Amino acid sequence: MHHLLILEDEELLRASVRRGLSQIASIEIVDVGTFAQALEAIDERPPDLVLSDLNLPDRSGIELLGELGARNLAIPIVFMSAYLE
């Protein structure tokens with residue numbers, strides 16, 4: 001089973017992405033809304049892939065690259081950004 005982390009602060013968008021991807025049986029999904037929560041989830045169990053928003057309330061999603069490097073983790077990240085308005 002593959003482990004996916006969704007990092008998105010907009011709850012509606014995060015739920016929509018999770019709902020769509022949850023149709024894939026071989027994926028276990030963890031979703032969080034802040035950079036800090038993402039780091040906690042990564043430290044608990046590193047995912048196989050991260051889907052990350054660029055604009056987060058507590059830090060930029062781009063900074064995740066440095067945090068993964070500091071942890072000696074090579075996890076692919078797909079950056080996404082959208083406006084609900």
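The values are calculated or read from the model by the stated rules, or taken from the named source; none is laboratory data. This structure is a prediction, so every number in the text was calculated from the model and none was measured. All Cβ positions, even for glycine, are placed from backbone atoms using ideal geometry, and neighbour counts span all protein chains on display.
Can you find a residue in the range 1-14 that is modelled with pLDDT of 95 or more, part of a loop (DSSP other than H, G, I, E, B) and under 9 Å from the mean Cα position of the chain (by Cα)? Yes. Residues of the range 15-26 that are of a type in the set (Ser, Thr, Tyr) and assigned to a loop (DSSP other than H, G, I, E, B): 22, 26.
Residue 66 meets each of the listed conditions (1) in a helix (DSSP H, G or I); (2) in contact (Cβ under 8 Å) with a residue 60 or more places away in the chain apart from (2). So, in the range 27-54, of the ones that are at pLDDT 95 or above and assigned to a loop (DSSP other than H, G, I, E, B), which residue ends up surrounded by the most Cβ atoms within 10 Å (Cβ to Cβ)? Top of the filtered list is 47.
Taking the range 1-26 as the range and being without any contact (Cβ under 8 Å) to a residue 40 or more places away in the chain, aliphatic (A, V, I, L, M) and exposed (fewer than 14 other Cβ atoms within 10 Å of the Cβ) as the test, the residues that pass are 1, 15, 24, 25.
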